[in-house]
Amino acid sequence: MTNKYDLTTEAVVAYEAQKVVSIFKPLAEATMDKVTVDFDASVIDIACGTGIIGRTIRHRYGQGPALTGVDLSSEMISKAKSLSEPLGGRFSWIVGDAMEIPVADRVHTMCFCQQGIQYMPDDSAAIGEMARILAVGGQLVIAVWGPANAYFQAQAAAMGRHVGKDWAAKAVAPFAYRGDERLPQLMANFGLDNISVEQISIDRIIRDAETGVAEDIEGSPLLPAFRAAPPETRAVIVENILSDCVEFKQGNDLIIPQHCHLITGRRM
């Protein structure tokens, strides 16, 4: 059976170049402003992508923490491994499923999941697994988006207008999951305490927006429909998005605030 999350090398390169730079790196940095990683921490990142959480921790805390990343995509893990090698320190990368994390019980002192839980087929089972691998006193840190910002609303409107309603829904799907309402109870169900929900805000930055909007779409699940559209349709989609987001234009870039919920808890 084909793993639908095992992305092509091209898609992973686009993800790292566009998505990580524009949104996931700023989010990782904002998250680290809110939590503390001990020097001797054993950290695991679930749905790690290309490993931006681990790299951010390494840059902030040096060689002390041991860092493990788990992702369903072998291409994501391969990219994470290559990006982490120059940084040194203890990195481990595992191709694995959040529904059955291939890690022993209670071995990690911190577990992160940045923008992954909303894609998992059973969020309760995933939280149970994250709780299982946490040591007593260990901290779980989950980041999920708030409502779609103006950029993604514009993206959805343009895709719906020129490609189809299904693709409009796909553009805003990552923002539909109400983690701020659902996750605290799930954490409590699996023995976590000291649970908190905090809103943080970051800027989504689309550099050189005239070309960057198309690059952003091509680094997203909208790629098949966007690539299949005639060149003139792709150009109109980009024009529509730029027009709807004109108030966020700063020089050649688009800079649009995006809210995120940071939900944390500790293993009892």
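The values are calculated or read from the model by the stated rules, or taken from the named source; none is laboratory data. These numbers come from a predicted model, not from an experiment. As a convention, Cβ positions derive from the backbone with ideal geometry for all residues, glycine included, and neighbour counts pool all protein chains shown.
Observations on the model:
- Of all residues in region 93-140, those that are part of a strand (DSSP E or B), closer than 16 Å to Gly265 by Cα and under 20 Å from the mean Cα position of the chain (by Cα) total 7.
- From Ala131, Ala104, residue being modelled with pLDDT of 95 or more and either buried (at least 21 other Cβ atoms within 10 Å of the Cβ) or in contact with a helix residue (DSSP H, G or I) (Cβ under 7 Å, 6 or more places away or on another chain) (or both): Ala131
- Failed item in (1) surrounded by fewer than 23 Cβ atoms within 10 Å (Cβ to Cβ); (2) modelled with pLDDT of 95 or more; (3) out of contact with any strand residue (DSSP E or B) (no Cβ under 6 Å at 6 or more places or on another chain), with Gly96 passing the rest: (3)
- Residues satisfying the stated conditions in region 219-268, i.e. at pLDDT below 95 and hydroxyl-bearing (Ser, Thr, Tyr): Ser220
Conditions tested, residue by residue: (1) modelled with pLDDT under 95; (2) closer than 18 Å to Gln118 by Cα.
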| site | (1), (2) |
| --- | --- |
| Glu10 | yes, no |
| Gln18 | yes, no |
| Ser22 | yes, no |
| Glu29 | no, no |
| Met32 | no, no |
| Val37 | no, no |
| Ser42 | no, no |
| Ile46 | no, yes |
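- Residue match in region 91-104 (condition: polar (S, T, N, Q) and farther than 28 Å from Arg182 by Cα): yes
- Filter result for the condition that a residue is in contact with a helix residue (DSSP H, G or I) (Cβ under 7 Å, 6 or more places away or on another chain), buried (at least 22 other Cβ atoms within 10 Å of the Cβ), modelled with pLDDT of 95 or more and farther than 14 Å from Pro221 by Cα, over Ala150, Ala126: Ala126
- Within this structure, Ile217 passes the test of being within 16 Å of the chain's Cα centre (by Cα), part of a helix (DSSP H, G or I), touching a residue at least 60 places away in the same chain (Cβ under 8 Å) and under 25 Å from Val13 (Cβ atoms).
- Qualifying residue in region 85-105 (condition: among the basic types (Lys, Arg) and closer than 25 Å to Ile127 by Cβ): no
- Count of residues meeting criterion [without any contact (Cβ under 8 Å) to a residue 24 or more places away in the chain and of a type in the set (A, V, I, L, M, F, W, C)] in region 220-250: 3
- Which numbered condition Pro184 fails, given (1) under 26 Å from Pro121 (Cβ atoms); (2) of a type outside the set (Ser, Thr, Tyr); (3) surrounded by fewer than 16 Cβ atoms within 10 Å (Cβ to Cβ): (3)
- For region 227-247, the candidate set comprises residues that are in contact with a helix residue (DSSP H, G or I) (Cβ under 7 Å, 6 or more places away or on another chain) and of a type in the set (Val, Ile, Thr); within that set, the residue that is farthest from Ala154 (Cα to Cα) is Thr233.
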